[in-house]
Every structure is written in structure tokens, then in C-alpha cells.
Amino acid sequence: MNVELACHDDAAARLRAPSFRESWAALHARCPWATGFQSPGFGLAWYDSYAEAFTPMLLASRSADGSLAGLLALAEEKATGRLVVAGDRQAEYRGWLAEPDDADAFIQAALAALAGRSLFFGYLPPGTPTGWVTEEPARSVCELEAHPRPLMRLNDPDAIARSLRKKSNRSRLNRLARIGEVRLEQITDPAAFAPLLDELAALYDLRQGAAYNKVAFRDDPHKRAFHLRLHAEPGLLHATVLWAGDQLAAAHVGVRSGPEVHLGIIAHSPRLAMHSPGKLLLLLLAERLGSEGVETLDITPGGAEYKERFANGHDQVHLLTVHGTPRQRTLHRVTRGLERTTRRALALCHIRPRWIRRAGRLLRRHPVRLPWLLAKRAAAWAWSQRELRVYSCDVAQATEPTAEAGMTRDLVADILCCAPDDPDLPRQAFLAQALARLEQGHHAYARVEDGRLAHVGWLAERQASAFLSEVHQPVRFPPDSVTLYGFYTPAWARGRGHYTAALRQMLHEAATCFGAARAYIAVLSDNAPSRHVVEKVGFAHECSLFERVVCGRARRWCEKTPACRIEVGEG
């Protein structure tokens, strides 16, 4: 089979030609395994949005009448030379289009035209022919892995309705309804989609950053524009929001392939996490899609455990990797085997791989820091004594914040501005901590300068008790109080008054927004700068909690002032 190879300017010119786009759309309609990710709408949106990072490459075959009979749309990354399938990481399924009778012949000829270059397809579209992989020369350079694909078949609307009528789900919906009217809305207006995407992207990055240290929208400057472009393509992107009053409870954006919608970007408000809005969204979305004639909600292969809880069926997809040479394939298989063995060994020792990765990053970027931390911990085990001073303030007497305070409250986009390589504040650990605190109802106060997080602090409303990890002692607070904690200013932003500004704003809002009478804060006695700021703002010392460690054995006690209102030693 004759396959044409078009690269760079030649490929770009073809992509701009209306005749090529029409022929692409016609082939997509004839290809039995085609999904929305192989459509010209998706591919052209990706090529345009990522033009700064990738140059196009097209492999095509034509029938006797000149129409497209096969198409493998690729691109080359400018920075690395890496060859990718069009859509790259933005496409859940990556593959080629072909006439059914020429399916094997086309892909074999297309890969031969790549002259030994490696290409990772990822998951192939369901139903893609793969018999050719067992034949030479593909057999020597290809790796094909079968994976189950969880599906939510929508042919039984009564089953979804029964799930929504379960006592637990009714209770969740009723709790959301106390906030405001609960409704599911499909977003079709581009003007409404843009702000929704911004909010959804921040929530998605927060959760993915906490779980996997991946903040795709923040790290990828083209991802937002790409999704805006996709939404402009008729019928390609399905976007829905679950509202509780005027609050976004959860949202989903996924590609549609005819009678199937693929699970895509899904996130929910951490402040409403106790109501399981993500679960409710998927159930209500399935109900809505079924009523619109959609047959399947593709929950997509791999990853999160929650997917199996929604699946009522499965089929199979394949993960395809094409190596440049047989030697590269062998080396890759050996490397992957060693990685799996290492993971199993670490799991047996209860060691998480991310701990190893973090230690490796520390050693690479700060070669002295890790040994210093280990030595410091050993010295603390031998002998150490800490004093944690607990302060309180009557918020009614607090000074009003200045107009320049500039702290945002609970703005997830600002929290995401933390530095990815700060050794004092590792991004994944910080985002995981921030997510947990927001889910507990705590409030984040943050300041961003030039796109970087310059300061952050936390306020907990009416926190009955807390465990002070610095001295390993529990305390109980008066019922009409707030606690301020978790302050951090990176080295480059210190000395600018952010800590003082944050405290004043938090004290003011403790009274005006949260109805508190007192605010509490704890500071280590050897942190003189922090103590100075706290006392200057108006906090008074109530008690000190001590911990002394000698050869690993700890003794703890508390010394209170006459004005002390908190209880120590009762969790």
C-alpha cells in the first residue's frame, strides 16, 4: 500500500485545506472504530492550540478516486523531537483511521514509513484491529497490552433512578438543597463555558496535584485554549455542572463519540465534599444522558478505584507502544519488569515511591539538605526541648486591615501558585494538605505576586479541639473562637509585611464574617520574628506547652497564665 508522508509546512498546508478536512470527516464517518478523539474537529483544535509546541506530520493513503482511505495524524514536539499521535495527552484514545478492508495494510505501511522511530499510542480506540501486531515486523517492535474498560451502560434508567432513591443519596441531595436549588445544567454557551472551565480547572488541578503531583492546566499553557476550541466544535464536548444554588458543587467535561460520552475532566468543590457531589453528578449525568439517547458513559480504563463502583459492564481496549528497534523493545520490557519488582519490594516495606522520588529531588537540587535533615532528626531524638506558646486575641479589639492587605480567601487558583520545587514546601504535600483543610471547612488566606504564592495562612471556624503536633499535645478551645495556623512565606517574599497583613485581615473577618469572639494562634518560642508580629497585632500569651525528648523518651507538660481559657490534654 502506498502511504504519503507530509511533514511540517506541507502537513500544515494540508490541514488548512477545506478539501482535506472534508475528506478527513468522511473517512472518520466510515471508520467503525473511530471516536471523537480521531475526528477532524478534535485533531484540528489540537494542532492549532499546540502549534507553538508541535509541528504536524501526516501519513495518509488514498483510494482510486483520490479520497482518503487511511490517516495517521501525528506531530513532532519541537523541544524534544518526540513523536506523538495527534492529541497527545489530551486524547483518551489515540489511533488511526482506515477503511475496514485496508485496516491492517494501512497501519503496517504507515509505521514502515516512520523509518524506525518510536511512537507511544496509549489506549487505542475500542475495536481497533490489532491482529497485525502478531505478524513480523510489527511483532518485534510492538508491545500490546489488554486492559479492561469500565462502562456505565444507560439502557436501564430504572437502575439509575433506584440508585438516586437510596437513602444515602437522598440524604446527600437534601443536604445540598439546604444551600440552594440542586440542578444539573448542560453548558452549551461559549460565554458561560469559559468561566466554568477556569473554576473547574482549578478544582481539577488541586485534586490531581494532591494525588499525583500533576497540575495539568497550570503547567500546560495551551490546555485552556484547547478546551475552549473543543467546546466551539458542535456536538464534540459535553459539559455539565451540578449546582447547589449559585455554588458549583461538581462539574464534568468530556468528549462525545456518537452514542457514547467519555469521562473526561471531573472535579467537585472541596467545601462540599461531605455531600459526595462528584458521585451525585455522575448519577444525574447518567440519568440525563440516557434520556437524551446516549447509550454508554465510558468511565475510561485505568486509574482510580471509584470507577468500578459506577461500572455495570466492561469491554476491552489495548495499550500500544511501537519501538524503533527490537533492541529498544527488549530494553523497555526489562526496565518495566525491574520497576514492577521494585514497587512490590517497596510496598512490602511500607515505603511509598513518592517518598523515594522526593528524597531524590532533594539530593539533586539541594545535595546538602537531606543529610542535614537526617542529622537534625537524630540530634532531636537524642535530646531536644520545645515550647509552643499559645496566644489569644479579642477580635473586637483588632485593628482593621489596610486596603493593601490583599489576601484572597478560599481562592483555589491562588493556592495552586505554590512553587513546584520549594524544598520547604513540596507541592504535592502542600496541595494534599490544602485539599484536606478545605474539605474540613477551613479557610485559606493567600497572596500571589507575579504568579507565585507569596503568603498563605489558614483559619478554622469554631474548632472544638486540635492536636498540636509540634509538642504532641491535644487542646480544646472555647466554642466562640477561631484558630489561625499554617502560615508560610517563601524566602523571596519575606520582609514585606504579608504575615502582619494576613493576621489583621483574618482577625477582622473572624468577627465580621464568622461571628467569633476570640482568635487563637500557636507559635514556637524560638520563632522570635513570628512572636514579634503576633504580639504586635494584639495577641496575648495564654499558656505554653512543652515537650522534652531524651533518647527518644518524651515528657510533656503545660504552664498556664491566669487568663488561660483553653483546656490542655483532652482531645
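Derivation of every value follows stated rules applied to the coordinates shown; laboratory data play no part. A quick note: this is a predicted structure, and the numbers were derived from the prediction, not measured. We place every Cβ from the backbone using ideal geometry, glycine too, and count neighbours over all the protein chains shown.
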Semi-axes of the equivalent ellipsoid of the range 510-571: what are they in whole Å, largest first, if each equals the square root of 5 times a C-alpha gyration tensor eigenvalue? 26, 16, 11
Based on the Kirkwood radius over alpha-carbon pairs, what is the Stokes-Einstein translational diffusion coefficient of the range 91-228 at 4 °C with 1.567 mPa s viscosity, in µm²/s? 64
May I ask for the Rg/Rh ratio of the range 464-571, computed from Cα atoms with Rh as the Kirkwood radius, given to two decimals? 0.98
Taking Cα pairs under 8 Å and at least six residues apart, what relative contact order does the chain come out at, in percent? 13
Sort 492-503, 520-531 by packing, meaning the average of other beta carbons within 10 Å per residue, with the highest value first. 492-503, 520-531
Quick one: which residues, 5 or more positions from residue 118 or on another chain, have an amide H under 5 Å from its amide H? H modelled 1.01 Å from N in the peptide plane, none for Pro or chain starts. 324
Quote the relative contact order of the range 155-294 in percent (integer), defining contacts as alpha-carbon pairs under 8 Å separated by 6+ residues. 28
From the backbone phi of the range 555-564, what are the Karplus-calculated ³J(HN,Hα) couplings (6.51 cos²θ - 1.76 cosθ + 1.60, θ = phi - 60°) in whole Hz, Gly and Pro given as x? 10, 10, 7, 9, 10, 9, 8, x, 8, 5
About its Cα centre, how strong a charge dipole does the range 380-568 have in debye, to the nearest 20, once Lys and Arg get +1 and Asp and Glu get -1 at the Cβ? 540
In 5 Å bins starting at 0, how do the alpha-carbon pair distances of the range 380-568 split up by percent? 1, 8, 16, 19, 20, 18, 12, 5, 2, 0, 0
Cross-link reach list, lysines versus residue 560, counting only Cα pairs under 24 Å and skipping chain neighbours closer than eight places: 536
nm² value of the averaged projected area, convex hull over the Cα atoms of the range 59-169: 11.3
Counting every Cα pair in the range 223-264, what percent are over 12 Å apart? 63
Computed Kirkwood radius, in angstrom, where 1/r is averaged over Cα pairs of the range 155-294: 15.7
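Which net charge results for the neighbourhood of residue 88, defined as the other residues with beta-carbon distances under 12 angstrom from its beta-carbon, given Lys and Arg at +1 and Asp and Glu at -1? If you can, show how the numbers build up before the last one.
Values: positive: 82, 89, 94, 223; negative: 76, 77, 92, 220.
Residues close to residue 88 contribute a combined charge of 0.
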So what is the calculated 222 nm ellipticity per residue for the chain, using -39500 (n - 2.57) for each DSSP H run with n of 4 or more, over all residues, to the nearest 500 deg cm²/dmol? -11500 deg cm²/dmol
Would you kindly calculate the translational diffusion coefficient of the range 28-91, applying Stokes-Einstein with the Kirkwood radius from alpha carbon pairs, for 20 °C and a viscosity of 1.002 mPa s, and quote it in µm² s⁻¹ without decimals? 171
Consider just the alpha-carbon atoms of the chain and return their Rg together with their Dmax, both in angstrom. 28.4, 96
Compactness of the range 197-236 as Cα Rg over 2.2 N^0.38 Å, two decimals: 1.26
Phi-based couplings in Hz for the range 309-322 (Karplus 6.51, -1.76, 1.60; Gly and Pro marked x): 5, 9, 6, 10, x, 9, 9, 10, 10, 10, 9, 10, 10, 10
